Amino acid sequence: MTAKPTIEPVSAGQMERLLPLIAAYQRFYGVEEVDRERNRAFFARFVAPSDDGLLLGAWCEAELVGYACLYWTFTSLVPAETVLMNDLYVDVAARGKGIGRALIEASAAIARERGAHHLEWNTQPDNGTARRLYDSTGAESSTWVEYELEI
């Protein structure tokens, strides 16, 4: 990559540019029917300032090429605030250029600024490309098993 991406919070005025990346992320994880209006309403809650979290965009020149969605959450084990990087996505054409790493580093910096105990995230076990990046950051994979109960 010739120039470092600019990582900054996504503004309300940039949401329309972000929605296609959110849809691509959802399709990557098997969502068959992406609901643009529902995405617009849901993700608007993370536009700064927000008590729920933060949307970070990765920009190369004027093009939005990736994003991370951070959720402010907690752990009762320490007890402390933590930051969950719930979504991390880089456009296929922009991969391999350090954008995912830049988004992780920016997310970690925000977690530190907030005084969070740690930054956490998860991925599918067979997402080898993402796992290679994550393993190279110094993060440790958890031994916890995640459960979901459909409601």
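Things worth noting here:
- Yes/no for TRP121 being free of Cβ contacts under 8 Å to residues at least 40 places away in the same chain, within 24 Å of ALA24 (Cα to Cα) and surrounded by 12 or more Cβ atoms within 10 Å (Cβ to Cβ): yes
- Residue match in the stretch 55-66 (condition: in a strand (DSSP E or B), buried (at least 18 other Cβ atoms within 10 Å of the Cβ) and in contact with a Gly (Cβ under 6 Å, 6 or more places away or on another chain)): yes
- Filter result for the condition that a residue is of a type in the set (S, T, N, Q), farther than 20 Å from ALA106 by Cα and either surrounded by fewer than 18 Cβ atoms within 10 Å (Cβ to Cβ) or touching a residue at least 12 places away in the same chain (Cβ under 8 Å) (or both), over THR6, THR82, THR75: THR75
- Candidates ASP126, ASP135: the one that is open to solvent by 90 Å² or more (accessible area, probe 1.4 Å) and more than 26 Å from CYS60 (Cβ to Cβ) is ASP126.
- Qualifying residue in the stretch 101-114 (condition: open to solvent by 40 Å² or more (accessible area, probe 1.4 Å) and modelled with pLDDT under 95): no
The values are calculated or read from the model by the stated rules, or taken from the named source; none is laboratory data. Owing to the predicted nature of the structure, the values given are computational and were not obtained by experimental measurement. All Cβ positions, glycine included, derive from the backbone under ideal geometry; neighbour counts span all protein chains shown. Protein only, heavy atoms only, side chains kept; ligands, DNA and RNA dropped before computing areas. Shrake-Rupley method; radii C 1.70, N 1.55, O 1.52, S 1.80 Å.
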